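Student: The structure is given below, and queries will be raised subsequently.
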């Protein structure tokens with residue numbers, strides 16, 4: 001499934017940007033993880049796809065490295081060498097890994113990137129410990145960088161937003177899908193900005209701050225990243241219902257089977273064209289019917305339109321930022337890549 005028409009799909013520049021940034025950040029990330037307790041370091045390495053349970057080397061699918069790329073490009077946008085953003089890139093990668101370890105436990109997700117989640121592979125207690133260690137290591141890495149104290153304050157603010165977003169996401173499961181107490185699309189946007197957008201915005205802002213950017217540029221990059229995060233989450237919601245399991249690594253209609261209140265579902269629940277939807281959510285075997293109702297009620301169209309709107313807002317923030325044009329061009333390429341994705 002492609003979100004954007006072929007005429008505006010990203011070219012090869014964005015994947016090359018991600019690869020360049022991973023190559024720059026990789027050695028520092030490996031070195032940082034190596035400072036952990038050996039058992040905790042193994043769990044961290046497993047979460048990154050570097051090893052199997054027991055420590056045998058592996059090359060399992062990992063993340064795209066978007067957050068570390070944002071940090072490197074943030075530094076370059078400030079006119080600095082990309083290496084100035086490496087401590088920020090390492091810190092946000094560690095925080096992201098920490099959040100995924102804890103997310104999988106809270107959500108009861110048994111797999112992550114086609115492998116058992118860390119809590120299934122090592123146990124719940126060890127996975128919590130590994131997440132805590134990654135968080136502490138992220139703060140230590142950033143504090144040791146030039147300009148570290150100010151950078152740590154930026155990171156702590158983003159973490160507070162991330163926790164608020166995660167708290168809202170968990171509370172959404174206890175609220176009805178219809179009626180006066182239902183979760184609204186507006187509340188969902190705020191949740192997505194905290195849970196997903198805060199760390200993306202922080203990544204770009206941290207890189208810019210370590211690169212010596214003025215406050216206006218740091219703020220603009222943070223806003224762009226937050227909009228990008230909301231767009232990313234919305235596309236993820238679409239893939240969670242209509243994505244190809246062979247590509248996404250997730251079962252077809254998994255979000256519907258779990259009864260998740262994603263943006264397309266919330267839009268559909270507010271439409272008279274989906275009156276039968278509440279009875280289908282969370283019912284195994286009824287995913288195809290539920291997906292058809294969500295689409296019929298405009299949920300898919302609304303989610304993609306909202307994603308495009310947040311992408312446009314991200315571009316607008318970048319265009320107004322007093323930063324280097326070359327880095328903005330690469331950041332702009334990432335926007336298309338993340339929207340036009342299949343997993």
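Since every read-out is calculated from the coordinates, none of them should be taken as a lab result. Since this is a predicted model, take the numbers as computed values, not measurements. So basically every Cβ, Gly included, is an ideal-geometry build from the backbone, and we count neighbours across all protein chains shown.
Student: What number, rounded to the nearest 500 deg cm²/dmol, is the helix-based mean residue ellipticity at 222 nm of the chain, given -39500 (n - 2.57) per DSSP H run of at least four residues and division by all its residues?
Tutor: So the helix-based figure for the chain works out to -21500 deg cm²/dmol.
Student: While we're on this one: When the chain is treated as a GNM, springs tying every alpha-carbon pair under 10 Å, which of 53, 294, 33 comes out with the largest mean-square fluctuation?
Tutor: Comparing 53, 294, 33 in the GNM, the peak value goes to 53.
Student: Build a GNM of the chain with springs between Cα atoms under 10 Å: which of 99, 316, 47 gets the top mean-square fluctuation?
Tutor: 316
Student: Measuring from label point to label point, each 7 Å out along Cα→Cβ, what is the residue 140 to residue 113 span in nm?
Tutor: Here the answer is 2.3 nm between the modelled labels.
Student: Residue 242 label point, 7 Å along Cα→Cβ, cut-off 17 Å on backbone N: hits in segment 294-318?
Tutor: 294-309
Student: Between 0 and 90 degrees, rounded to the nearest ten: what's the tilt of helix 287-296 against the longest Cα principal axis of the chain?
Tutor: Between the helix axis and the principal axis of the chain, the angle is about 90 degrees.
Student: To continue, here is another question. Please give the helix 215-242 orientation as an angle from the longest Cα principal axis of the chain, in degrees from 0 to 90, rounded to the nearest 10.
Tutor: Tilt of helix 215-242: around 40 degrees.
Student: What does the extension gain come out to for residue 171 and residue 120, with contour length at 0.36 nm per residue minus their alpha carbon separation?
Tutor: Length gained between residue 171 and residue 120: 16.0 nm.
Student: For an R0 of 22 angstrom, estimate the FRET efficiency from the Cβ-Cβ distance between residue 132 and residue 160 and round to the nearest 0.05.
Tutor: Using R0 = 22 Å, I get an efficiency of 0.85.
Student: Something else: Find how many whole Å separate the alpha carbon centroid of segment 118-185 from the alpha carbon centroid of segment 17-42.
Tutor: Here the two parts' Cα centres lie 20 Å apart.
Student: Any idea how far apart residue 103 and residue 312 come out in nm if each label point goes 7 Å out from Cα toward Cβ?
Tutor: Using points 7 Å along Cα→Cβ, the separation is 2.7 nm.
Student: Moving to a separate point now. Alpha carbons only, please: Rg and Dmax for segment 54-114, in angstrom.
Tutor: Gyration radius and largest Cα-Cα distance of segment 54-114: 14.6, 43 Å.
Student: With everything on Cα atoms, drop me the angle between helix 325-339 and the longest principal axis of the chain, reported from 0 to 90° to the nearest 10.
Tutor: It works out to around 30 degrees.
Student: Using Cα pairs under 8 angstrom and six or more residues apart, how large is the relative contact order of the chain, in percent?
Tutor: 21 percent
Student: Given the options 207, 157, 225, which has the most mean-square fluctuation in a GNM of the chain, springs set between C-alpha atoms less than 10 angstrom apart?
Tutor: Top of the fluctuation ranking is 157.
Student: So, one more: In the calculated pair distance distribution of segment 227-343, what percentage of Cα-Cα distances lie above 17 Å?
Tutor: Cα-Cα pairs in segment 227-343 separated by more than 17 Å: 57 percent.
Student: Once you put a point 7 Å from the Cα of residue 182 and another 7 Å from the Cα of residue 301, both along the Cβ direction, what distance in nm separates them?
Tutor: Between residue 182 and residue 301, the simple spin-label model gives 1.8 nm.
Student: What FRET efficiency comes out for the pair residue 216/residue 190, r = Cβ-Cβ distance, R0 = 22 Å, nearest 0.05?
Tutor: FRET efficiency, residue 216 to residue 190: 0.35.
Student: Residue 60 to residue 283: extension gain in nm, 0.36 nm per residue of separation minus the Cα-Cα distance?
Tutor: Here the answer is 77.1 nm.
Student: If you average 1/r across every pair of different Cα atoms in segment 155-294 and take the reciprocal, what Kirkwood value do you get, in Å?
Tutor: Hydrodynamic radius (Kirkwood, Cα only) of segment 155-294 equals 16.2 Å.
Student: Any chance you could tell me what percent of the C-alpha pair distances in segment 26-155 go past 26 Å?
Tutor: Looking at segment 26-155, the distances longer than 26 Å represent 21 percent of pairs.
Student: Let me ask something else about it. As an exercise, take the mean of 1/r over every pair of distinct alpha carbons in the chain, invert it, and state the Kirkwood radius in angstroms.
Tutor: 20.4 Å
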